[in-house]
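Read-outs: derived from the displayed coordinates by stated rules, not from any lab. For clarity, every value in this text was computed on a predicted model and none was experimentally measured. Note that each Cβ is placed from the backbone with ideal geometry, even for glycine, and that neighbours are counted across all protein chains shown.
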Amino acid sequence: MHSGPDYILFPRIVAEISNNYDVEVFHFSLTQGFWRNSEWGIPPQPASPSGAQLFCSFRGIGSEFVHKVADKWNHFVNSLNGIFCTSLLEMVPLLTATPRHFPFAKNGSEDEFTLHHRYGALASETVCTENLTPWKKLLPCKETGLSEILSPEKLYSSNYHSLSIHFTRGCQDISKSCRNRTRLELGLDMVTDIDLRSHSLVNSCFRFTNRFIMFLHQSVISTGKLIVAIVNISPTEKKKYNSRQYYIYNIHEIPTHMFPFNLHSQYRRKLDLSQQKPSSLFSVHSFLGIADQHAGKIITSIENLQSLPQSATYFHVIPWFIQIYFHTVKFFCVSLSGRKGSESTVPKLLNFVPAKSRMKPFLLEYQLFLPAGAVCELSFEFDKAFLRVTDYPPDANRGMYVPAAMISFKAEEEIWQKNRSLCGIGGSRLVSVFSEVLLVSLPVPDFSMPFNVICFVSTAIAMLFGPIHSLTTKMLAAKLIPVDEADKDLVSKPLFTALILKLWNLVKVCIARLRDFKNRKKVA
């Protein structure tokens, strides 16, 4: 698209946010599931990890622009968050890194402009229809045409699906002659299971509405006859590319009275599932090694089954609560050709950025040399940080996510010929493969303790508040009540008066006994 106010095909909202924040390149993806590269081979390029991923290059002039990059990145993430109804705000700044070697990046400077890169990953992000609807509105056909045959039921029940947007300024070869051009690629990748009973791919990916195919049941037919008009539309042109047959239809040459027409394909034979599945020449897997409540170990296994060695770049963003010991980074390779022993090589460090607590993550970038027909492992040990109560997510007992590691390399002829339809960004041989997202269990406090303390204190206060309030708010005073002569003995006497009366009664008893003793003595 040429630069200008022509937004018939190009989405206006993408052009506005890219111009407002000086965006040169950005790649955004939302992925549910994991691409099993050891079974399915090289993923469609550009590849996407599980969750949300966002890479952006900002184009500016001078040293003053460097201080504005963080603010532009923050506003750009906020804009995408509002457009696609996501939770991307969680990646700023906790999961934001500044890479130097990234597959989508244009390294260096162009003329007087300098490019500044930012990368963020949010492994816990989920994908739903609220993300699919804005993505479909970016298509030139909006919610018609291609969008009509996308089935959300099929999409979200699949094993793997990914929505992506790749924006860049200039041509694929980044030549200066097309500096005023803008390129936008919308990608939708999906892996679904086939019907094992029929071994057919019909209707496995799309939902054909009445616009394309109309299915009639016997219960909706009022008469016993059904008249069907069969229209055969031949393709305008046929092309064969990479052993695939393509049919091209020129819509303008089809008469208007022939619309709507049936656009679908029928498979001549069933799938032969007995054929041996081809092995993948390159795969990456990450997993946790020794792990307890205080420390652990992250291991990334890289399998290179090519006949030639491969040079690759290791890129990994690790949250700040995973505190890496840099001196424990180890890399070694084991040959699968039957040769005994292992080959220990030293990876070339390209970039290492230490983390800051609650500010930014760790960033590891290594240049690796992978021997032919070998399995290599890159590992490092870490400690788990002691978090505050406010640092834990609502589902803290589930654990904390660590974004996937990425291996990028330039595909050799062996992989290129086998995956030519999937490899490369804009026709290049640059390939990226992601590992699994890791789930790390951290020491979790007793979140019910504040509740228990509040209940205990509230109960104690409620029991003591009544008597204390009564004693402190009421004043004690004597009250005189008139009593009849007959009821005087029933009225309780004051304590001092009762004591005097009791002593007087004792004295009277003693005097009476003394008189009685004297009278007896006189008689005797």
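Descriptive notes on the structure:
- Rounded to the nearest 0.05, the FRET efficiency derived from the C-beta distance between E143 and N19 at R0 = 25 Å is 0.45.
- Hz values of 3J(HN,Hα) by residue in the stretch 84-97 - Karplus curve (6.51, -1.76, 1.60), Gly and Pro given as x: 9, 6, 10, 10, 5, 5, 5, 8, 10, x, 5, 10, 10, 10
- Sparsely packed chymotrypsin sites (Phe, Trp or Tyr not before Pro) within the stretch 289-336, loop by DSSP, other Cβ within 10 Å at most 12: Y325
- Gain upon complete extension [S311, K238; 0.36 nm per residue less C-alpha separation]: 22.4 nm
- Per-pair calculated FRET efficiency, R0 = 56 Å: S157 and S337 via Cβ, rounded to 0.05: 0.85
- Placing pseudo-labels 7 Å out from each Cα toward the beta carbon at I454 and S301 gives an inter-label distance of 4.7 nm.
- Extension gain for the segment K68 to F34, taken as residue separation times 0.36 nm less the Cα-Cα distance, is 8.7 nm to one decimal.
- Linear extension gain, E413 paired with H327, 0.36 nm per residue minus alpha-carbon span: 27.3 nm
- Using θ = phi - 60° and Karplus 6.51 cos²θ - 1.76 cosθ + 1.60, couplings along the stretch 410-418 (whole Hz; Gly, Pro as x): 8, 5, 6, 4, 5, 6, 5, 5, 7
- Pairs beyond 23 Å (Cα-Cα), from K136/K239; K136/K418; K297/K330; K68/K137; K68/K356: K136/K239; K136/K418; K68/K137
- Backbone geometry of the stretch 50-58 corresponds, through the Karplus equation with coefficients 6.51, -1.76 and 1.60 at θ = phi - 60°, to 3J(HN,Hα) couplings of 5, x, 10, 9, 9, 10, 8, 10, 9 Hz, x marking Gly and Pro.
- The protection proxy used here, the mean number of other Cβ atoms lying within 10 Å of each residue, ranks peptides 27-37, 439-449, 50-60, 120-130 as follows, highest first: 50-60, 27-37, 120-130, 439-449.
- In plain terms, if you count all Cα to Cα distances in the stretch 282-440 and split them into 10 Å steps from zero, the share in each step is 10, 36, 31, 17, 5, 0 percent.
- Amide H contacts of A295 (H built 1.01 Å from N, in plane; Pro and chain starts excluded): K384 sit under 5 Å, all sequence-distant by 5 or more or on other chains.
- Spin-label zone in the stretch 119-161 - amide nitrogen under 14 Å from a point set 7 Å from the Cα of Y249 along the C-beta vector: 145-149
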